[in-house]
Structure formats: structure tokens, C-alpha cells
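Following: one structure in C-alpha cells, then a few remarks.
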Amino acid sequence: MKNPYLPMLTKIEDIVIENEARDIKTFKLSFIKKEDKENFTFLPGQFAELSILGVGESPIGIASSPTEKDYLLFTVKRAGVVTTRLHRSEIGETIGIRGPLGNTYPLPDMDGKNVLIIGGGFAFTTLRSTVKYILEKKNREKYKNLTVIYGARTPGELIYKNELWEWEKLKELKTYITVDKANGDWQRHVGVVPAILKQVAPTADNTIALVCGPPIMIKYTLLALNELGFKPEQFFLSLEMRMKCGIGKCGRCNIGHKYVCKDGPVFSFAELQKLPPEY
Amino acid sequence: MKKELENYSILNKEDFNKFFNTLLGKYNIFGPSKSDKGDKLNKINSADDLMLDYKNFKMSAKEFFFPQCETLLAFDPSTGIVKNRSEDVDAKNDIIFGIRPCDALALSFFDRVFKDGAPQDPYYTEKRHRSTIISLACLEPEPTCFCNAVGCDVDSETGADIILTQLNSRYLIKSVTEKGIEILKHLKTLIPATEDDIKEKDELMAKAKSGLKSNVEVKALKKKLDDFDASFWQTVHQKCLGCGVCTYFCPTCHCFDMTDEVCNNTGRRIRTWDSCMFPLFTLHASGHNPRPSYKERMRQRILHKFNYAQENYNEIFCVGCGRCIINCPVNLDIRKVIQEILEAK
Amino acid sequence: MKSIESEIKDLIKKLFSEKKIEVFIGYENGTLPLRTTPYFVSPNDDLDKLAWNRFCSNNLAVYLPRVVAKKKGGNSCKVGILCKGCDSRSVVGLIKEKQLSRNDVFIIGIVCPGIIDTKKILSEIKSSDIEHIDEDDENIMVKFKDGKKNFRKKDHLYECCINCEFTTPFVYDTLIGDGKSSSNTITSSQKVAEFSAKSRQERWQIFEQELTKCIRCYACRNACPNCYCKECFAEQTKPKWFSVTNDLSDIIFYHIGRIFHQAGRCVDCGACVRACPMDVDLRLFTRMLVDEVKERFGYDPGLNFEEAPPLTTFASDDKQEFITEPS
């Protein structure tokens with residue numbers, strides 16, 4: 001019997017500090033065992049339980065794309081016990097990983113559609129995975145327009161900056177990067193994500209929107225999407241909850257009768273409307 | 001033999017010890033006996049240790065399959081080498097003897113979560129596979145019992161492999177599953193049951209059922225509970241102290257925590273009982289808590305049992321054993337909560 | 001008792017009609033024999049259910065911080081509460097520790113005749129099927145399935161009630177009852193005296209034995225009005241003080257931490273003992289602490305607002321023989 005509680009071991013290959021506040025880091029992990037690497041197949045939107053033996057586990061979205069074959073990326077904000085300890089880790093250390101867990105963004109159902117990616121702050125991780133995945137040549141042709149709207153409070157809080165600037169140059173997608181408050185020589189958009197969304201006004205026609213961000217951004221983004229004519233079935237949110245097992249047993253991450261770890265973390269807004277607003 | 005008598009047999013009381021000791025030769029048996037922690041499931045080494053005149057266990061039978069603290073894996077914190085927990089595999093399988101039908105039914109709910117729902121929980125499933133459940137029908141329910149109100153009964157068979165009924169000077173034994181039939185095969189102490197035996201059992205059961213005094217009616221409850229923001233939630237939680245008594249004693253509550261332990265350079269990842277009644281249960285690392293007060297936590301407990309379990313498993317995750325009623329420090333009675341919810345406009 | 005009950009009801013009605021309180025916390029009869037349960041009375045409830053009897057065991061002060069906190073932000077509002085001697089001491093403690101202010105609460109003090117230990121009575125009845133309960137001044141008469149039995153009230157009090165020196169509340173807005181009580185013969189608790197007379201090893205052994213029963217449900221903590229910490233050290237993760245297992249060492253750590261946190265604060269109301277579903281006799285240890293504080297500092301918590309809790313102050317004549325020079 002396969003033991004879903006048993007972590008696979010990985011090694012930290014690289015660590016990137018993502019923001020000015022230095023509380024968000026991206027960890028590049030590679031599997032120690034070859035079979036673990038081969039068995040770990042996932043799609044954007046899924047997460048994994050990262051663990052430091054002796055400290056504990058923490059559920060983190062997978063930031064790399066399945067098309068990035070040799071490693072996994074996890075972008076972690078320092079918050080609790082495990083993430084704080086993770087932030088003190090160094091290259092070469094061993095990290096346990098259980099996964100992939102949860103469902104995915106509905107990429108297989110999005111063939112032939114426009115894709116609108118809306119992210120805020122540090123919650124851009126699995127969306128980065130999605131963009132990266134779609135930009136892969138063989139995937140790109142399946143989808144129509146790809147639009148990315150991403151914002152943070154200040155330029156210093158944007159994550160994956162180098163990549164964002166690369167994306168801006170590509171013709172395969174349209175990228176709108178914004179900050180709530182500009183500083184220095186900021187040349188791009190200024191304004192909260194929902195406001196920029198309204199300015200950009202992407203068509204709701206034949207479009208699926210994937211949204212991830214802080215609660216306040218979500219709240220106004222939903223209103224904006226609604227104004228733009230998006231139906232609840234057309235946009236998907238990735239949720240966060242306190243989790244332990246990640247496999248629908250330990251009973252704490254439920255919203256109504258759905259478990260975020262197992263039935264989510266990705267829910268369409270239509271699904272969420274049927275669930276109690278307890279998240 | 002008549003078809004309906006096929007799965008029944010009779011064990012005379014004077015043969016009980018012989019019957020039991022034969023089983024003891026082949027199985028590890030866990031049954032009711034007295035301990036510091038009240039009547040509970042303990043390893044039984046001889047038929048004399050058994051105590052069969054109990055009403056119900058203080059703690060439910062869940063702790064056998066889902067202990068309060070269980071090692072999931074061991075590791076060496078310095079090298080990071082992970083070992084599946086070392087398990088002394090006993091050649092003998094287990095018999096869980098004499099649990100009440102409510103506890104057996106509750107195990108079938110555990111099965112739904114831990115055994116039947118993918119992915120399987122290997123720790124629970126393994127113990128479940130190696131054990132046979134022999135339950136004991138209730139002749140005298142407690143005043144706090146309300147099993148009949150939630151789809152359980154004094155002689156419910158679900159979850160059990162064999163069910164015993166104490167008749168006058170003998171036991172009526174019914175095999176419910178293949179596992180049960182297998183165990184009883186070739187036992188010389190058993191004799192065929194007659195229609196009179198069944199009749200006696202039916203009479204005893206009818207009498208036992210009449211002792212169930214609760215009149216809560218849960219059929220209409222699910223619908224009432226679909227209204228997440230109903231006003232009754234403002235009041236039903238008021239006297240709750242937020243301790244873990246109701247959930248720890250509940251035979252169906254299965255929420256757990258996972259933590260790491262390091263001691264003398266050996267590490268283990270453990271799971272321990274947790275409770276939705278505790279404020280830290282859902283507290284995010286960011287400080288946000290989706291269930292910040294007693295109200296939301298009480299609502300979660302009630303909804304999980306009486307609403308979400310129906311959505312997910314078409315079951316009510318309550319077997320009416322009454323342990324939460326007996327042990328609640330403020331006599332917050334779930335029957336009354338149900339009643340108040342049903343009566344709320 | 002009936003007349004006291006109606007006296008309380010009349011008073012509550014008056015308090016509501018004069019808008020002096022918005023909610024009242026009292027008792028109603030419970031769903032189990034010989035039990036009452038806390039009752040949150042709102043202005044329009046008819047008070048038929050309200051009960052005052054010898055089974056009103058819960059210390060209702062435990063609810064005050066959260067009920068008062070909920071009302072904050074709005075206009076000043078009062079919570080009415082029924083308090084026996086010990087409960088009123090808990091309220092005083094909460095006020096002294098700034099968990100609420102005196103203005104938040106209207107205390108109906110009640111002279112306590114001693115509360116009857118339900119478990120003591122039930123342990124003497126084999127059947128749990130109780131059909132009828134009656135009482136006179138001296139006795140509780142219980143009729144159960146296979147017979148009936150009389151229980152002398154005096155002999156079936158909670159351990160903490162047997163030795164209670166403070167049956168009359170010291171702090172209240174209205175006092176009900178005549179200030180005398182039936183159980184007020186002050187003797188030192190026999191159980192505790194026996195325990196403290198034992199050797200250190202024997203005491204530790206008993207301590208361990210009692211705590212072996214603990215299942216860490218935290219009912220003792222949550223029933224205690226003094227245990228209002230937003231995050232208990234037992235569950236803290238930053239830092240993590242000890243583990244969440246049910247190993248005896250972790251259980252002991254929890255109880256030592258909790259009990260010692262009660263020094264100079266415990267009013268010996270017995271809420272923790274009654275709440276324990278596993279019958280751990282926590283009072284053996286908490287009462288030792290109460291006696292110790294009394295002996296060392298001459299302090300009884302919860303009697304007034306002026307006297308500072310002994311562990312927050314220093315007096316030149318404090319006993320300090322426990323301070324030893326490092327050798």
C-alpha cells in the first residue's frame with residue numbers, strides 16, 4: 001500500500017529572495033531519488049506539503065510549470081513555524097515533499113479559449129506555473145489570447161520580476177504589471193489590480209479567468225469581472241486554508257462539505273457561491 | 001435449515017469460556033474490561049478478564065483504530081533519513097470483542113473516510129483489515145442513548161462482522177460478513193439456532209428499543225442546516241466552553257493534527273486527535289481565522305455531522321451513543337441543540 | 001428554594017425592564033438527572049425555565065469575558081450574572097485582572113448552601129434510569145427504576161463545598177439569601193490534608209496516577225474563569241513549549257503549567273474538577289496551592305478589589321526561606 005504520509009526527499013538547489021521585505025523566497029528543489037522525480041506528475045494549480053523533518057509540514061503551491069522538467073519551484077512567504085524555518089534553510093539542505101496534492105486549474109477544459117490571469121502580491125505562484133505552462137510551444141497553440149494582470153503594493157513586492165520583464169517583451173501574451181503605490185522610476189501601471197482589470201477590460205467572451213490574491217483583491221476583482229460580463233462559471237479562484245494531511249482526512253480545511261486540500265484548492269466562482277462563505 | 005437461520009448459531013453460556021479461549025488461541029482479542037480510564041477496550045488474556053455487563057465504554061472504540069497519538073513515520077533528524085514507522089507485525093490477527101452496535105456503525109463511518117476514500121490511510125486500513133468486529137447488541141440502553149433517532153439501533157449490524165445477543169443462558173450469534181462466517185467456521189461450541197431463539201431475540205430487542213426515550217427527529221434537520229446563516233446559530237453555542245470533550249468522546253469524530261517530535265536525536269511525525277472546537281484548529285499562519293468564535297466552531301461541528309456527512313457520504317456522522325451528553329461539562333445536550341434547530345423559525 | 005428562585009426571577013425582570021442589563025446568565029434544569037445547565041436569558045425570554053437549586057454547579061463567571069467583549073463597541077451594556085460565593089470571587093478576579101470592568105456586570109449574589117455532587121449520588125445508585133427527584137431541607141430523594149433512596153445533602157456536597165469559607169459573596173449588586181449557610185463548618189479538607197501529609201515521593205506518585213487518566217481535552221482549562229488566555233501555552237507553536245501527545249510527561253507539563261498559573265488566583269470553585277470527564281482529582285493539587293498562598297501571604301483571592309494579588313507585589317515580611325544561595 002502506498003503511504004501518502006511519507007515524504008519524498010529533495011535537495012535545495014537554489015534560493016532566490018523575491019521581495020524587498022525579504023520575507024518571500026523561492027526554493028528550487030530537485031528530487032534525490034530518480035523514481036520520485038518520475039512519479040511526480042502535476043498540472044498548474046496543485047500544491048505540495050513541504051516538510052522539514054523535526055519541524056513540520058506546510059502546504060505550498062507549486063510555482064514551477066510541469067514543463068520545467070528538472071526541478072520544482074516553491075515560493076514561500078515567511079509566516080508560521082515551518083516557513084520561518086524554511087527561510088533559514090541553505091542550499092544543499094534536504095526538504096521533504098508530499099504531493100502533488102489537490103486539483104488543478106481547469107487547463108484541459110480551456111482549449112480554444114482566451115486565458116486571463118489575475119494575480120496579486122505573493123499569491124502569484126501557481127499562476128506563474130500556469131503562464132509558464134501555457135507559454136510552452138506545444139501548449140500555446142491550444143489557447144487563444146493570454147493576458148496577465150499582476151500587481152503588488154510596491155515595485156519591491158512584485159515577485160518573479162526578471163521573468164515579468166521578459167514576458168512583457170513577448171508577443172505570445174499581454175502583460176500588465178501594476179503597483180498600488182509607485183516609487184522611484186516606476187514606468188508601468190499604478191493602481192490596484194481590480195482597477196487595472198477594468199481599464200484593460202478584456203473580453204468575457206470565450207474567456208476563462210484564473211484569480212489568486214489577497215482577500216481584498218479577490219473581493220473587488222470579482223465585482224470587476226462581473227461588470228465585465230464574466231459569468232461565475234468563467235472564473236476560478238485558488239483558496240488557502242489551514243491544512244495538515246492534504247488528503248482529505250484530517251478534517252480542518254473544509255468550506256462547507258468541500259475540502260480545500262482534496263476538492264480544491266481551485267474552485268470556480270460558481271462552485272464557491274454554493275458553499276458557505278467561511279474562508 | 002431454513003435460509004433465514006443460516007447465519008445464526010447458539011452458544012450456551014457454560015460453553016462461553018471454551019469458545020472464547022479457542023478464539024484466544026488464534027487471535028489477539030480486545031474487549032471490555034475495567035481500567036483507570038473507565039470501562040474500555042483492553043487486551044484480554046483470559047475469558048475471566050472480560051466484563052460483559054457494561055452499558056457502554058467510557059471512551060469509544062475508535063481509539064483502537066485511531067489512537068489519540070499515533071506515529072506516522074520515524075526519521076533521523078540529522079541525516080534526514082525517513083523510515084516508515086517500525087511495526088511489530090503480529091502473526092495473530094485481532095478480534096474486537098463486545099463493542100456496542102453504535103461503535104461498530106461509527107467504525108463504518110471511519111471506513112468511509114480512511115479506508116474507502118482515496119488515498120487510503122495505510123495505518124487505519126491495516127488495523128481494520130487485520131481485525132474482526134464482534135459487537136454486542138444492547139439490551140438496556142442508557143437514558144442518554146438516542147441511536148434510533150440517527151439511523152442506528154440497539155441491534156445495528158453495519159460495521160460489525162458478527163453480532164452477539166445475550167439471551168437467557170445463551171448467546172445468539174449472527175455472522176454478518178464473510179469475515180465473520182470464516183471465524184465461526186469449525187467452532188465446536190456453536191450449535192444451530194432455532195426459530196425460538198430468534199423469537200426471543202426479537203422480543204428482547206423490541207423491549208430494548210422501547211427503552212430509547214429520545215424523540216429527536218433528524219429527517220428534517222439537513223434542510224434546516226442548509227441555511228448557513230440561520231439565526232439559531234446565534235444562541236445554540238452560548239454555553240459551550242470550547243473544550244474537546246464532545247469531539248474526543250465522539251466515536252465518529254476523526255479530525256487530527258500532525259506534528260513533528262524530536263527527542264534524543266530520533267524524530268517522529270505523529271498524528272494526534274484534534275478538535276474543531278479549538279480556536280487554533282483553523283487559525284492561519286497569517287493570523288486570519290475563518291472560524292473565529294464559538295459560534296462558527298459549534299456550527300462546524302453540527303454541520304459536519306448532520307449536513308456535510310450527508311452531502312459527502314449520505315450518512316449522519318452521529319450514532320446516538322450519548323457520550324457527548326454524558327461528558328459535557330455544561331450539559332450542552334446535542335439532542336436539545338437539534339430540537340432547538342428544528343423548532344427555530 | 002422556590003421562594004429564592006422567584007426572588008431571582010423578579011429581580012431579573014426588573015433589571016431587564018429598567019434596561020440595566022441586556023443579558024442575564026443563570027441556570028436552568030439540565031437534561032441529565034441532578035444537573036443544571038447554564039442559561040443565557042435574553043430580555044424577552046419568559047423566566048419559567050430559570051432555576052436555582054442545589055445542583056447549580058457551573059461557575060458562570062467563565063462566560064463573562066467573552067459576553068462582555070462581544071458587547072463592546074456598542075453602548076455600555078451590562079451582563080447580569082448569578083453568583084455563588086466562589087463565582088463572585090472569580091468575577092472579582094477577572095475585574096482585578098482587567099478582563100472586564102465592574103460596570104460591565106450586575107452581580108446577583110446568592111448565599112450558597114453548598115452544591116451537591118451529582119456523581120457522588122449517582123455512584124450510589126446502580127441504575128442510571130432516574131424517574132423522579134424530590135428534596136426536603138435535609139435530603140434529596142431519588143426514585144429510580146428499581147427503587148428509591150434518600151441522600152443526606154450534607155454528606156453529598158462537592159469536595160470544595162465541604163470546606164467552603166466563602167459561601168456568601170463579598171462583592172455583589174444585590175444579595176439574595178440570609179447570609180447564613182448550612183454547610184459552613186470550617187474544617188480542613190480531609191482529602192487534601194491526607195495528601196499533603198504524605199511523603200514527596202508518594203505525592204508525586206499520586207500526582208502521576210491521577211494524571212494518567214487525563215486525555216488532554218482541556219475541559220479543566222476551559223471551565224476555569226481564570227483561564228482566559230487567548231492562546232494557551234499548551235497550544236502555542238511560537239514557541240512550542242511541549243508536545244501535543246498524550247505521553248504522561250506532556251500531560252504533566254500541561255497540568256503543572258496550568259496549576260501554577262493559578263497561584264494566588266484560584267478561588268477553589270471546583271470548576272476544573274467537575275469539568276473533567278475522566279475524574280482526575282485536580283483539586284488535590286489546586287487546593288494545596290490555595291492553602292500555600294494563604295499560609296505564605298495571608299491572601300484569599302477574589303474578596304475585594306483593593307488587595308493586590310501576592311505574586312504581583314512584594315512585602316518585606318514575605319516568607320523567603322525557599323530562596324537558597326547557589327551552592
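Brief remarks on what is shown
- Percent of beta bridges antiparallel (DSSP, chain B, rounded to nearest 5): 75 percent
- Exposure rule at most 10 other beta-carbon atoms within 10 Å, DSSP loop chymotrypsin sites (Phe, Trp or Tyr not before Pro): chain C longest free segment: C:1-313
- Sites matching GluC sites (Glu not before Pro) across segment A:61-110 that sit in DSSP coil, with at most 13 neighbouring C-beta atoms within 10 Å: A:GLU90
- DSSP bridge orientation in the protein assembly as shown - percent antiparallel, rounded to nearest 5: 65 percent
- C-alpha long axis of helix A:215-227 to longest principal axis of chain A, angle in °: 40 degrees
- Shown for chain A: cysteine residues without a partner Cβ closer than 4.7 Å, namely A:CYS212, A:CYS253, A:CYS261.
- Over all other residues within a Cβ to Cβ distance under 15 Å of A:LEU272, the charged ones net out to -1, with Lys and Arg as +1 and Asp and Glu as -1.
- Restricting segment A:33-120 to trypsin sites (Lys or Arg not before Pro) that sit in a DSSP loop and have at most 13 other Cβ atoms within 10 Å of their own Cβ leaves A:LYS33, A:LYS69, A:ARG88.
- FRET efficiency for the pair A:THR154 and C:SER17, taken as 1/(1 + (r/R0)^6) with r the Cβ-Cβ distance and R0 = 60 Å, rounds to 0.55.
- Straight-distance candidates among the lysines for linking to A:LYS142, with alpha-carbon spacing under 18 Å and chain neighbours fewer than 8 residues away dropped: A:LYS113, A:LYS132, A:LYS171, A:LYS174.
- Counting beta carbons within 10 Å around each of B:MET258, C:MET141 and listing the fewest first gives the order C:MET141, B:MET258.
- ³J(HN,Hα) computed for each position of segment C:296-311 - Karplus, 6.51 cos²θ - 1.76 cosθ + 1.60, integer Hz, glycine/proline x: 6, 10, x, 10, 10, x, x, 8, 7, 9, 7, 5, 6, x, x, 7
- Theoretical ellipticity at 222 nm over chain A - DSSP helices of four or more residues, -39500 (n - 2.57) apiece, nearest 500: -6000 deg cm²/dmol
- Lys-Lys pairs in segment A:8-100 that are eight or more residues apart or on separate chains and whose Cα atoms lie under 21 Å of each other come to 15.
- Estimated inter-spin distance, B:LYS43 and C:ASP137, nm [label 7 Å along Cα→Cβ]: 5.9 nm
- Sparsely packed loop sites in segment C:1-30 (the trypsin sites (Lys or Arg not before Pro) outside DSSP H, G, I, E and B with at most 12 other Cβ atoms within 10 Å) comprise C:LYS19.
Just so you know, all these numbers are worked out from the coordinates, no wet-lab data involved. Note that the coordinates shown come from a computational prediction; the quantities given were computed from them, not determined experimentally. Because the Cβ atoms are built from the backbone with ideal geometry, glycine has one as well, and the counts that use them run over all protein chains shown.
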